[in-house]
Structures are given as C-alpha cells and as structure tokens.
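See below for the structure under consideration.
The values are calculated or read from the model by the stated rules, or taken from the named source; none is laboratory data. What you are looking at is a predicted structure, and each value in this text was computed from that prediction instead of being measured. Here the Cβ is made from the backbone with ideal geometry for all residues, glycine too, and neighbour counts use every protein chain on show. Calculation scope for accessible area: heavy atoms of the full protein, side chains included, ligands and nucleic acids excluded. Shrake-Rupley method; radii C 1.70, N 1.55, O 1.52, S 1.80 Å.
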Amino acid sequence: MAFVALSEAEKVYIVHGVQEDLRMDGRGCEDYRCVEVETDVVSNTSGSARVKLGHTDILVGVKAEMGTPKLEKPNEGYLEFFVDCSANAAPEFEGRGGDDLGTEIANTLYRIFNNKSSVDLKSLCINPREHCWILYVDVLLLECGGNLFDAISIAVKAALFNTRIPRVRVLEDEEGLKDIELSDDPYDCIQLSVENVPCIVTLCKIGYRHVVDATLQEEACSLASLLVSVTSKGVVTCMRKAGKGSLDPESIFEMMETSKRVGKVLHTSLQSVLHKEESLGPKRQKVGFLG
C-alpha cells in the first residue's frame, strides 16, 4: 500500500474527528467520496472501465478469448485476473512492492468470484469439455489515494457490465466434426449479467469507530481493517481482515452490518450510473483514461 507520513498531532486530530463522526473532508463515517465511472474507454478490449475515487484512479480492461474449459468444470468458462501497480502511482510500488500488492489484489478478486452466483460461468461455455470463453481481466492502478480494493471492485464490475462477447454457433458436419462459427454482426453479442457481482466495502477501524472509503491519511491512523464482499441484496459473500491490529467479535459484527447498509447503496448508485450511460448509446461524449 502507499504510505503517507503523519505527525502525532495530525493522527490525534483525525482520530478525535472520527469519534465525533466528522472526518477531515467533512464526510461522515459511512460516506463515500465522489465516484467517477466511465465505461468503454479502451477500444481494443471486449469491455473496459475507468473509476476515480478521490485520488485513486483505476483502469480495467476485459478481453474475451476462446480456450479450453478446466477439467473440474468442463461446462463452464472462467475468469483470469492480473493486477499491475504502476510505479507512477506510488514510490512504494517500484520493484517487488508493486508485484506483491498486485498478487494480493488478484487473490482477493479470485476469492470474490469463486462462487457460482457472482457470474453465470455456464453462459461462457461454447462446447462442453472443448471450447469456452476465458475472460482476462486486467487491472491497472494509475494513482493511489486510499481505498484501493473498493475502487478496483467497482471498476471490475463496471468493466464486466460493459463486456460484449461475440455470439457463436457450433456446427456439426456429416462426419461428426464440430466447427465454430462467429457471428459477423458486431451487435450480435452476449452481455454478461452483473446483478450478483459483489463489490468490496473496506471498513477501517480508527479509535472506537470504523469508517468506509478511508483516505491515505485515515489508513495511516488505522491498525486493522475489514474487507467485506457484499452483493446488491446485502449478502456477504466473503470477508478478510487486513492490517497488523486485532478486531474484537463485537466490532466485526458492527462492521459487517455497516458494510451491508453501505454496500446496498453503493450497488444501487453504480447500477443506476451504468444503465444511464448505456442508454446514451455510442453518441455519448467520452473522456477516456487520459482525460
């Protein structure tokens, strides 16, 4: 993670403010910063999205390629995650620092999507045991301003919503040989259902209270945080503790309840923005990831 140096006086100011439900930027403990979401920002991908959460900037591209199903799941496709932490985002990401964080984020994403309800993987199967769609999800961290996991999960969900997979047909000749035919129509494609794709809500324990969407300064004042994966219906799919500190059972229960409330609102707002942007069609003005 990116590191920011704070004096003891600054830490005391932040901690005391959180206890009074007043943070440095004026937010309450359960408030997110303004989230900017834009889809279809990379032309040579099947789907893409850029998310800016405060000073955190994430770019996600999804590439659909044909491959062979896994032996243990012959009638399903699958997702592969790769996370690149740019050294421009934070000096700590130079060398192995960025690789270790990228691996940690990728493993967290695998845990989130390691259930049947997140994405309908059977819809990615073309021909059982022989052909399926593999979705390569590439995450690029452009700038780090705190709360990485939440921003990345939002960007991944937006990119999967934007993903379009060509429709294919399996043809069989007289000898029983199977051939795959891709549709020539660029609009004849499959759109993934992301209704059940969860988002991560990270809660940082500061003093006796916890906050969502922590900034770098607030993360520096927190010894322990809880990453909770929540669906649009408020169902917790997985959970992970981060940081060197400890959390008592009562705090964990309170943080889970907070994540459910906040997660529902986050999903509702994200789905509204994505559908609104899609309704604008190809004529909408694009900012792009260089904007």
Just give me the residues in the range 257-279 being small (Gly, Ala, Ser) and loosely packed, with under 12 Cβ neighbours inside 10 Å, in sequence order. SER272, SER279
The range 136-158, subset open to solvent by less than 10 Å² (accessible area, probe 1.4 Å) and touching a Phe, Trp or Tyr at 6+ places or on another chain (Cβ under 9 Å), residue nearest to VAL201 (Cα to Cα): ASP150
Please verify whether the range 82-90 includes one or more residues that are open to solvent by 30 Å² or more (accessible area, probe 1.4 Å) and among the aromatic types (Phe, Trp, Tyr). yes
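Would you be able to say whether some residue in the range 250-270 is closer than 24 Å to LEU22 by Cα, at pLDDT 90 or above and in contact with a helix residue (DSSP H, G or I) (Cβ under 9 Å, 6 or more places away or on another chain)? Give the derivation first.
The initial filter retains those residues of the range 250-270 that are closer than 24 Å to LEU22 by Cα, namely 250-266, 269.
Okay, now just the ones that are also at pLDDT 90 or above, so 250-266, 269.
If we keep only those that are in contact with a helix residue (DSSP H, G or I) (Cβ under 9 Å, 6 or more places away or on another chain) as well, we get 266.
Checked against the condition, which is being closer than 24 Å to LEU22 by Cα, at pLDDT 90 or above and in contact with a helix residue (DSSP H, G or I) (Cβ under 9 Å, 6 or more places away or on another chain), the range 250-270 yields at least one hit.
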Which count do you get for residues in the range 219-237 that are more than 11 Å from LEU203 (Cα to Cα) and open to solvent by 30 Å² or more (accessible area, probe 1.4 Å)? 7
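Of all residues in the range 239-256, which are basic (Lys, Arg) and either surrounded by 17 or more Cβ atoms within 10 Å (Cβ to Cβ) or under 17 Å from VAL212 (Cα atoms) (or both)?
If we filter the range 239-256 for residues that are basic (Lys, Arg), which is where we start, we get 240-241, 244.
Correct list: ARG240, LYS241.
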Given (1) surrounded by 15 or more Cβ atoms within 10 Å (Cβ to Cβ); (2) closer than 28 Å to ALA220 by Cα; (3) not polar (S, T, N, Q), where does ASP100 come up short, assuming only one miss? (1)
Going through the range 181-218 one residue at a time, which ones are more than 18 Å from the chain's Cα centre (by Cα), touching a residue at least 60 places away in the same chain (Cβ under 8 Å) and open to solvent by 40 Å² or more (accessible area, probe 1.4 Å)? ILE190, GLY207, TYR208, ARG209, GLN217
